[in-house]
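Take a look at the structure set out below.
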Amino acid sequence: MPGEIIKNGEISLQTEVTESVKTRQKNNSAVELKGSVFTLPILHIQVASIPEIEADLLKHLSKARKFFENAPVVIDLKSIAKVAQDFDFHGLMKLLSQQHLIPVGVKNGSNQQNALAVSAGLAILKGGISPPDVDEKTSIKEKPTPTTDNTVKDATPVVAGPDKTKVVTQPVRSGQQVYAKGGDLIILAPVNHGAEIIADGNIHIYSTMRGRALAGVRGDVNANIFCQSMEAELVAIAGNFRVFEEDMPAEIKSKSVRIHLDNEQLVITQI
Amino acid sequence: MNLLQKEQFNTVSKETILGKIIVVTSGKGGVGKTTTSASFATGLAKRGNKTVVIDFDVGLRNLDLIMGCERRVVYDFVNVLNNEASLKQALIKDKRCDNLFVLPASQTRDKDALTQEGVGRVLDELKEDFDYIVCDSPAGIEKGAVMALYFADEALIVTNPEVSSVRDSDRILGILAAKSRRAEQGAEPIKEHLVITRYSPKRVEMGEMLSVEDVQELLSIPLIGVIPESEAVLSASNSGIPVINDEPSSSGQAYMDVVSRFMGEDKPMRFLEAERKGLLKRIFGT
């Protein structure tokens with residue numbers, strides 16, 4: 001199994017493929033093992049009671065029902081790791097599947113919880129770096145799943161280096177995804193509906209922003225998004241997101257705005 | 001490239017100038033790709049360029065109908081790809097224009113018959129003989145569409161002034177920029193041209209349609225022409241004559257303008273305003 005790293009809602013499967021697998025890949029084997037980066041929503045479990053979780057989950061999901069349809073989720077057990085050793089994973093999985101969520105694994109569980117999770121068919125995800133702790137009740141660190149297979153294939157190739165700024169001068173079109181790994185993303189052309197731009201750092205768009213922008217995806221709560229003309233479908237900073245349907249307030253619509261986090265709340269201000 | 005240039009070069013070397021491949025694509029179906037391919041290719045040929053138009057819509061061939069040569073199809077594109085027929089056997093000479101040839105699609109096969117090697121080989125062969133190779137793409141973003149655009153040098157993006165068509169065109173522009181041979185080889189990107197079809201200035205005024213400005217702002221590529229909605233298009237299609245041959249019609253003239261602009265001429269955009277009936281016309285009709 002390749003090593004996994006979870007960083008604030010993001011799982012990067014870093015393939016450390018053994019030699020034998022590498023050789024087989026070259027020989028046209030039936031399968032290929034490759035690493036890829038996905039952004040997954042993380043469900044932070046704060047209480048062990050399934051009915052309580054259900055009530056709160058429904059409240060969260062109702063905000064963006066479609067968005068989470070069939071979304072894979074990771075279950076974070078950190079808050080109950082010491083208290084609920086006999087946590088009802090089957091009950092939780094049933095609840096999640098009723099809500100059309102697909103649980104894929106758990107993180108931060110105790111040994112006993114992990115054993116139960118594995119027997120319930122969940123994977124154990126290790127090495128996660130949690131976002132800064134803020135006192136909170138049951139909460140979903142909602143993080144959209146940005147990609148389907150298709151979009152990944154069409155995405156502009158991402159050249160990444162540590163702390164590098166990525167500058168894009170061409171329009172980012174529907175179905176394309178641009179990710180600035182470890183740095184800021186600066187875009188000098190329109191970002192169209194259905195396009196997605198992601199950065200570990202800040203995002204600047206010196207044109208019309210019609211797609212989705214996710215800044216600070218590795219948990220940088222100080223990341224900002226700036227755009228010259230705000231028409232986004234979705235904006236997110238460090239996992240806190242807001243979806244805009246037909247309800248974009250007039251004071252920000254098509255205006256130059258700054259988007260940042262203030263105490264876990266997304267704040268959008270005209271500049 | 002114009003003919004004169006080509007002749008000058010030919011005296012030096014026959015290999016120096018190869019034909020240009022232009023894909024006509026849109027993402028969405030039913031927006032006018034085949035109509036545009038037929039008229040655009042006819043227009044290029046009428047100006048003295050040796051032109052071939054290829055139907056990539058294997059399994060749902062339509063181009064031969066629009067070009068009015070469906071009864072003369074013996075061998076098709078797939079036969080050539082499979083080395084079952086030579087290009088010479090499969091190419092159909094247009095009955096109205098000496099410089100124009102049609103390479104029809106197969107009705108009985110599917111898109112899997114299109115292989116990258118095969119298409120590349122046929123296009124390379126055509127490039128030797130023709131000035132322009134117009135590829136009529138099928139709808140969608142799957143194999144047929146990707147094969148049609150893969151080898152392109154330039155692209156006509158056909159869009160109707162409505163949101164879903166614009167969104168799909170945006171998607172196909174993304175694919176042009178990512179999946180074409182030019183993109184893969186890091187060569188100069190495919191030159192993109194926007195063709196807005198089925199444009200009705202009256203409905204734009206009533207707010208039922210996106211305006212040219214809206215579409216252009218959303219897609220941010222240069223506009224090469226606006227084809228007005230016209231009954232002439234349907235009747236031309238039904239009778240198997242590319243609408244560009246219907247010279248008095250607004251659509252025919254608009255396609256002529258597209259060809260002129262493609263050849264580098266500066267033509268002002270026409271047919272963007274709703275026709276205003278003058279006082280006399282309003283009183284006396286017509």
TODO: Just need the relative contact order of chain B here, percent rounded to a whole number, with Cα pairs under 8 Å and 6+ apart.
DONE: 22
Task: FRET efficiency for B:Ala187 and B:Met263, using Cβ-Cβ distance with R0 set to 22 Å, rounded to 0.05 - done: 0.45
Open item on the list: Using a 10 Å cut-off around each Cβ of peptide A:182-195, what is the average number of partner chain Cβ atoms that fall inside?
Closed with: 2
TODO: Please arrange A:Asp88, B:Asp55 by accessible surface area, largest first, computed with a 1.4 Å probe and ligands excluded.
DONE: A:Asp88, B:Asp55
- [ ] Please work out whether segment A:162-270 counts as rounded, prolate or oblate from its C-alpha gyration tensor, where a ≥ b ≥ c are the square roots of the eigenvalues and a/c under 1.5 means rounded, while otherwise a/b larger than b/c means prolate and anything else oblate?
- [x] oblate
TODO: Tally the DSSP beta bridges in segment A:183-243 and give the antiparallel ones as a percent, rounded to 5.
DONE: 20
Open item on the list: Shape verdict for segment B:91-170, please, from the Cα gyration tensor: rounded (a/c under 1.5), prolate (a/b greater than b/c) or oblate.
Closed with: prolate
Task: Residue-span extension gain [A:Glu245 to A:Ser207] - 0.36 nm each, minus C-alpha spacing - done: 11.7 nm
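With respect to the cross-link table entries A:Lys166/B:Lys33; B:Lys20/B:Lys143; A:Lys78/B:Lys179; A:Lys166/B:Lys127, which display a Cα-Cα separation exceeding 32 Å?
Violating the 32 Å limit, Cα to Cα: A:Lys166/B:Lys33; A:Lys78/B:Lys179; A:Lys166/B:Lys127.
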- [ ] Find the centroid of the Cα atoms in segment B:38-81 and in segment B:233-276, then give the distance between the two in whole Å.
- [x] 19
- [ ] Count, for each residue of B:173-182, the Cβ atoms from other chains sitting within 10 Å of its Cβ, then give me the mean as a whole number.
- [x] 5
- [ ] Give the carbon-plus-sulfur fraction of the accessible surface of segment A:162-270 in %, rounded to a whole number; probe 1.4 Å, heavy atoms of protein chains only.
- [x] 44
Task: Calculated [θ] (222 nm, deg cm²/dmol) that DSSP helices of n ≥ 4 give over chain B, each run adding -39,500 (n - 2.57) - done: -11500 deg cm²/dmol
- [ ] Taking a probe of 1.4 Å and counting only protein heavy atoms, give the total accessible area buried between chains B and A in Å², rounded to the nearest 100.
- [x] 1200
Open item on the list: Residues of segment A:215-250 with the amide nitrogen closer than 20 Å to a label point 7 Å from the Cα of A:Lys59, along Cα-to-Cβ, please.
Closed with: A:240-243
- [ ] Could you rank the peptides B:22-30, A:249-257, A:117-125 by their average count of other C-beta atoms within 10 Å per residue, with the highest value first?
- [x] B:22-30, A:117-125, A:249-257
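Hey, got the average number of other protein chain Cβ atoms within 10 angstrom for residues in A:174-181? Can you show the working numbers first?
On the way: counts 11, 11, 7, 1, 0, 0, 0, 0.
Mean partner-chain Cβ count within 10 Å for A:174-181: 4.
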Task: Order of exposure, largest accessible area first, which applies to A:Lys164, B:Lys93 with probe 1.4 Å - done: A:Lys164, B:Lys93
Task: chain B: C-alpha gyration tensor shape, a/c 1.5 cut-off, then a/b vs b/c - done: prolate
Task: Accessible area of chain B belonging to carbon and sulfur atoms, whole % at 1.4 Å probe - done: 50
Open item on the list: Using alpha carbons only, how many angstrom separate the centre of segment A:41-111 from the centre of segment B:127-194?
Closed with: 44
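Looking at segment A:209-249, what % of its DSSP beta bridges pair antiparallel, to the nearest 5?
45
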Task: Ordering of A:173-180, A:217-224 by burial proxy (mean other Cβ atoms within 10 Å per residue, highest first) - done: A:173-180, A:217-224
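The values are calculated or read from the model by the stated rules, or taken from the named source; none is laboratory data. All values derive from a computational prediction rather than experimental measurement. FYI the Cβ positions are ideal-geometry reconstructions off the backbone, even for glycines, and counts take in every protein chain you see. SASA here: full protein model, heavy atoms, side chains in, ligands and nucleic acids out. Shrake-Rupley method; radii C 1.70, N 1.55, O 1.52, S 1.80 Å.
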